[in-house]
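This report refers to the structure that appears directly beneath it.
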Amino acid sequence: PSWIAACARQSVPVVVASGRLSDRSFPRYRKLKRAMRGTLARIEAVGARTELDAERFVELGVPENRVRITGDLKLDPPAGQPALAIDLIRALADTPVVIGGSTHKGEETALLDAMASAEKAGHGYVLVIAPRQVARAAEIVSLCRDRQRRVYRRSELEGRHLVPGEVLVLDTLGELAALYATASIAFVGGTLVPVGGHNLVEPVHAGCPVLFGPYVSNVRKIVEILEVGDAGRKVADAAGLVAATLEAFEDLEACRVRGELGREALEAHRGSVAQTQRMIEEVLARRVERTD
């Protein structure tokens, strides 16, 4: 509120882009509705991700004529796939890869269980774990060693060529999106634990089919898109993740097709960036008219 008020005092318009009010945060804001109404009325425009988000912003006090649905900026395909570092290309060459992205405690255990089950069925691969919090890297390394896994930190890769059965822990930032292009399948975290889910769009943009758990309140729209095209599959629990991983390695060509279908499904939702740009331009144009 103080930040928005400061902008108002300096005649700086405030715009909410790709706005979302989660199932967790909305009830909290609603309790403060009376106190927040004046603050939210100062917002010049809201580009909401979904119809539900738009309704929630209006209910909290943003004037209805300032709210529109512009979609989720993350759904717009990027101009190009992020480039992967040369040492990672070499490290993961000639081996199947499974990625656990943005994982939380407990989800790494499920991924290691899935790896062990796949190996018993004759399917070997390198597991890349990218924890949501990089500070947990040491904890995950220890967990892998307890499972008798050879494990490496990304920051200490030092030109190694990884082989099936090994684990790479991503303890750096900014490389996960590019890594998804190397994977046969990916699991996105915050979904087997009650967090609400993280970025499911990045692997789909890379053409990688995704698995996720039942806790997806933060990514509800993308889940709907992926489940229709079968590019994303929901698992009920850790045992479900094990079973889905085994199924994927029984037919990797079908996985590849699912990944392509997911990428095509997102293409149909392109346009959020352009709509958001138009909304901002309209706000600026109104501001110019007021000063003339």
inquiry  = Which condition from (1) over 18 Å from Gly190 (Cα atoms); (2) touching a residue at least 40 places away in the same chain (Cβ under 8 Å) is the one that Asp113 breaks?
reply    = (1)
message = Taking the criterion of being surrounded by 16 or more Cβ atoms within 10 Å (Cβ to Cβ), under 25 Å from Glu260 (Cα atoms) and modelled with pLDDT under 95, would at least one residue in region 113-120 satisfy it?
response = no
note = Flagged pairs (Cβ under 6 angstrom, 6 or more apart or on separate chains; first in region 40-65, at pLDDT 95 or above and hydroxyl-bearing (Ser, Thr, Tyr); second open to solvent by less than 10 Å² (accessible area, probe 1.4 Å) and in a helix (DSSP H, G or I)) are none
query = Just for region 177-196: of the residues that are open to solvent by less than 10 Å² (accessible area, probe 1.4 Å) and closer than 25 Å to Ala79 by Cβ, which one is nearest to the chain's Cα centre (by Cα)?
reply = Val188
Test: Cys208 is in contact (Cβ under 8 Å) with a residue 40 or more places away in the chain and either crowded, with 24+ Cβ neighbours inside 10 Å or within 18 Å of the chain's Cα centre (by Cα) (or both) = yes
key: Index of the failed condition, Arg287 passing every other in (1) in contact with a Pro (Cβ under 8 Å, 6 or more places away or on another chain); (2) under 23 Å from Pro77 (Cα atoms); (3) surrounded by fewer than 15 Cβ atoms within 10 Å (Cβ to Cβ)   = (2)
remark   = Scanning region 23-44 for residues that are of a type in the set (Ser, Thr, Tyr) and surrounded by 15 or more Cβ atoms within 10 Å (Cβ to Cβ) gives Tyr29, Thr39
note = Over region 121-150, the set of residues touching a helix residue (DSSP H, G or I) at 6+ places or on another chain (Cβ under 9 Å), under 22 Å from Leu176 (Cβ atoms) and surrounded by fewer than 15 Cβ atoms within 10 Å (Cβ to Cβ) is Glu139, Arg150
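The values are calculated or read from the model by the stated rules, or taken from the named source; none is laboratory data. Treat the numbers as computed from the prediction; the structure is a model and nothing was measured. Glycine also receives a Cβ, built like all others from the backbone with ideal geometry; neighbour counts cover every protein chain displayed. Surface areas here come from the heavy atoms of the whole protein model, side chains and all, with no ligands, DNA or RNA. Shrake-Rupley method; radii C 1.70, N 1.55, O 1.52, S 1.80 Å.
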